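Novice: Quick one: structure below, then a few questions.
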Amino acid sequence: MQEIPGDLKFLKSHEWARIEDDGTIRVGISDHAQSLLGDLVYVELPNVGDDVEAGKACAVVESVKAASDVYAPVSGVIVEVNSDLADNPETINEDAYGDGWLFAIKPSASEEMDELLDPNDYAEIVENDDH
């Protein structure tokens, strides 16, 4: 099993969220999710300025096996997208918790982060997924 960084929160649908120093929430898919999908070939990101709602699909990652929706962990406005992924979607496979981030949200209700899974709870879900 891959190591899960302790500073992240997770959705059951395998997105991760990290609170940055400026209060924005950086979002990506977990290492577990990218390994299930396989080699990523395409990423459709939201646009800067888009309003997103917690739990609603706002991006898509596509692999040679399948396409998968990416859900917003919190409500707010998209303030940044990882445009490098357009030409290099495989970055997500290589560094899911680092350079493979997808987008950043300025949250409208930061308490929504409290509803997400901590790394231990997420690890339990991943473990049960594997059995």
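Novice: Cβ-Cβ under 7 Å, sequence separation 6+ or interchain: first residue in region 112-131 and in contact (Cβ under 8 Å) with a residue 12 or more places away in the chain, partner assigned to a loop (DSSP other than H, G, I, E, B) and β-branched (Val, Ile, Thr). Which pairs?
Specialist: 112/74; 113/74; 119/4; 122/4; 123/4
Novice: With the condition kept exactly as written, say whether any residue in region 37-46 is touching a strand residue (DSSP E or B) at 6+ places or on another chain (Cβ under 6 Å) and either among the polar types (S, T, N, Q) or over 21 Å from residue 67 (Cα atoms) (or both).
Specialist: No, region 37-46 contains no residue that is touching a strand residue (DSSP E or B) at 6+ places or on another chain (Cβ under 6 Å) and either among the polar types (S, T, N, Q) or over 21 Å from residue 67 (Cα atoms) (or both).
Novice: Taking region 96-118 as the search range and keeping residues that are touching a strand residue (DSSP E or B) at 6+ places or on another chain (Cβ under 7 Å) and of a type outside the set (A, V, I, L, M, F, W, C), which one is surrounded by the fewest Cβ atoms within 10 Å (Cβ to Cβ)?
Specialist: The extreme case among them is 118.
Novice: On to the next question. Those residues that are among the β-branched types (Val, Ile, Thr) and part of a loop (DSSP other than H, G, I, E, B), I need them from region 1-38; list them, please.
Specialist: Hits for region 1-38 are 4, 24.
Novice: Among the residues of region 47-66, which ones are of a type outside the set (Gly, Ala, Ser), surrounded by 14 or more Cβ atoms within 10 Å (Cβ to Cβ) and closer than 16 Å to residue 88 by Cβ?
Specialist: If the condition is that a residue be of a type outside the set (Gly, Ala, Ser), surrounded by 14 or more Cβ atoms within 10 Å (Cβ to Cβ) and closer than 16 Å to residue 88 by Cβ, then 61, 62 are the ones that fit.
Novice: So, in region 1-46, how many residues would count as being hydroxyl-bearing (Ser, Thr, Tyr), surrounded by fewer than 14 Cβ atoms within 10 Å (Cβ to Cβ) and over 23 Å from residue 123 (Cα atoms)?
Specialist: 1
Novice: Turning to a different aspect of this structure: Inspect all residues belonging to region 74-95 and state whether any of them is modelled with pLDDT of 95 or more, crowded, with 19+ Cβ neighbours inside 10 Å, in a loop (DSSP other than H, G, I, E, B) and of a type in the set (Val, Ile, Thr).
Specialist: yes
Novice: Return yes when residue 41 is more than 21 Å from residue 9 (Cα to Cα), aliphatic (A, V, I, L, M) and not in a strand (DSSP E or B) and no when it is not.
Specialist: no
Novice: Something else: In region 61-73, what residues are outside any strand (DSSP E or B) and under 13 Å from the mean Cα position of the chain (by Cα)?
Specialist: 72, 73
The values are calculated or read from the model by the stated rules, or taken from the named source; none is laboratory data. Everything quoted here is computed from the prediction, not taken from an experiment. All Cβ positions, glycine included, derive from the backbone under ideal geometry; neighbour counts span all protein chains shown.
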